[in-house]
1. Lys and Arg at +1, Asp and Glu at -1: add these up for the other residues within a Cβ distance under 12 Å of S389 and post the number.
2. Quick one: putting +1 on the C-beta of Lys and Arg, -1 on the C-beta of Asp and Glu, what dipole do you get for the chain around its Cα centre, in Debye to the nearest 20?
3. Taking Cβ-Cβ under 4.7 Å as the only way to count a partner, pick out the unpartnered cysteines of the chain.
4. Just name one of V27, I115, H390: the one whose Cα is farthest towards the positive end of the charge dipole of the chain (beta-carbon charges, Lys/Arg +1, Asp/Glu -1).
5. On a 0 to 90° scale, report how tilted helix 286-300 is relative to the longest principal axis of the chain, with both axes built from alpha carbons and the result rounded to the nearest 10.
6. Taking Cα atoms, how many degrees apart are the long axis of helix 10-19 and the longest axis of the chain, rounded to 10 and kept between 0 and 90?
7. Quick one: of K190/K269; K165/K299; K75/K362; K254/K320; K165/K298, which pairs are farther than 23 Å apart, Cα to Cα?
8. Taking amide H positions as placed 1.01 Å from N in the peptide plane, with prolines and chain starts having none, which residues 5 or more places from L103, or on another chain, fall under 5 Å of its amide H?
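Here, each number is a calculation from the coordinates, and none is a lab measurement. All values reported here derive from a predicted model rather than from experimental measurement. Cβ: placed from backbone, ideal geometry, glycine included. Neighbour counts: every protein chain shown.
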Amino acid sequence: MAKNTPPLNIDHLSERLRNGSLKICVVGIGRIGLPTALYFAKSGLQTIGVDINTELVNMINSGEYTLKDEPEFDKVFEDVINQKKFSAMTDISKAVPDCDVVLLSLPTPIDDQNIPDYSTLLSVGKSLNGLLSGGQLVIVESTVEPGFIENELLHTIEGSEKNLKSGIDFHLAVCPENANPGEIMNDFKKLPRLVASIDEKISTIVSEIYTHVFNVELIPMPNCKTANAVKLTTNVFRYINIAFINELAMLFEKLGVDTHTVIEAAKRKYNYQPHFPSSGVGGPCLPVNSYQLLNTEKKLGVDFLNIIRAARNTNEYMSKHVVKILSDALNEINVDLNGATITLLGVSYKPNVSDIQIAPSKEIIDILQKSEVKIKIFDPYFKSTTVFSHKTESNFDEAVSDADAIILVTAHDEFCNLDLSTLTRLMKNPVIVDCQGIIMPEKAKKAGLIFRGIGRG
Ligand SMILES: NC(=O)c1ccc[n+]([C@@H]2O[C@H](COP(=O)([O-])OP(=O)(O)OC[C@H]3O[C@@H](n4cnc5c(N)ncnc54)[C@H](O)[C@@H]3O)[C@@H](O)[C@H]2O)c1
């Protein structure tokens with residue numbers, strides 16, 4: 001945007017959207033930001049991605065696609081790169097002044113004390129203070145606590161250096177992203193989106209822009225904090241329900257009741273929503289989001305969120321439970337966990353994605369290491385590399401050969417139809433622990449395996 005031109009208003013933005021000249025800048029082009037940027041470019045709008053990761057920017061600009069585990073990503077990527085609608089750069093100060101809309105898809109992790117860390121958003125917000133003034137629209141897609149936009153980010157952008165005024169020099173809105181890794185391109189086509197803004201007038205143009213790009217239902221929210229509250233409510237709902245089924249799973253194991261049979265039948269009731277037991281809850285969203293709500297509680301000086309705290313205890317306990325049932329299975333054949341060779345199948349936090357953020361596999365490995373276990377790892381998304389300080393295997397047969405036990409941590413497609421009798425043949429001791437409920441206990445026993453599964457009676 002040229003200096004000394006009057007600030008954009010809603011009509012200008014609307015007009016530029018209609019004539020296709022609206023320019024978009026997406027800051028943070030990782031798992032969520034890059035597909036988002038591609039979708040804006042795919043809709044015909046000139047889009048630039050900004051990221052501090054120079055290697056990522058170079059890869060994108062040389063036409064190499066990065067998110068190989070996202071179905072359909074390659075096709076969209078190729079199309080927009082060929083049409084020269086999208087490119088990437090590292091310098092935010094070059095990208096932002098030339099754009100009408102700035103989307104923020106920056107990381108919002110937790111630190112090692114489990115405190116939400118918004119420093120990236122705030123430091124980019126500070127840079128924006130020096131770069132905006134033309135009435136650009138800033139839309140935050142990152143997941144933040146309710147109130148963060150109004151109480152922190154807004155004031156940071158309005159800032160100390162240049163005294164910007166929201167509603168005149170820039171407009172601030174949110175559209176919290178809720179796509180799921182491994183299904184992002186598909187989710188973009190169907191998931192409704194929440195829209196809210198600081199200045200209510202701007203919500204209409206935000207909705208127009210997202211309708212142009214995504215063609216999904218848009219849900220107007222009364223304000224940013226409500227939109228962010230919805231995002232956290234949906235994710236923490238899942239987190240709590242997973243904890244509930246994890247608790248039942250441990251109870252049902254003792255009772256001799258099969259949890260997966262229970263879930264299948266419970267699903268038949270119209271108001272039951274299935275969640276599945278596992279070795280814990282990982283990834284950049286669900287575990288972080290529960291800590292975000294706990295942080296909000298702390299800031300407000302109240303003490304209500306007992307269910308979330310209990311869910312955390314249960315979900316974080318599950319890795320210990322995995323090692324407990326593993327030891328139990330090894331005891332059955334008089335093998336000591338101490339000094340045993342254990343192979344982990346899968347380290348990703350969820351099936352079919354190459355992502356180990358807050359993965360339960362890390363906790364399992366840490367516990368096993370205390371018993372001087374020799375750890376082998378096979379994951380089709382992490383072959384011949386180093387994960388959690390362990391070299392990973394490149395060959396499945398070699399990974400399971402000579403193992404005293406296997407822990408099936410992640411239900412990658414590659415593990416869904418394992419040849420169980422081959423495992424029995426290759427392993428030193430045929431013990432298997434299934435954390436994902438993908439091996440039928442009867443089949444495992446028939447193949448000669450000593451079987452344990454989370455929630456299996
Ligand atoms: N991954 C998910 O499942 C998911 C789903 C919905 C929402 N979200 C939310 O979306 C946001 C982004 O998550 P993600 O998974 O895409 O994260 P990511 O780590 O994959 O991507 C973030 C990108 O931002 C870049 N970055 C960091 N600091 C920067 C800076 N100062 N300037 C420019 N770029 C910078 C990083 O290099 C990275 O490429 C988070 O708030 C997250 O909670 C994530």
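1. Neighbour charge sum, excluding S389 itself: +1.
2. The calculation lands at about 600 debye.
3. C175, C224, C285, C416, C435, each lacking another Cys Cβ under 4.7 Å.
4. The Cα lying farthest towards the positive end belongs to I115.
5. The answer is roughly 60 degrees.
6. 70
7. K190/K269; K165/K299; K75/K362; K165/K298
8. Correct list: C25, V26, V27, I139.
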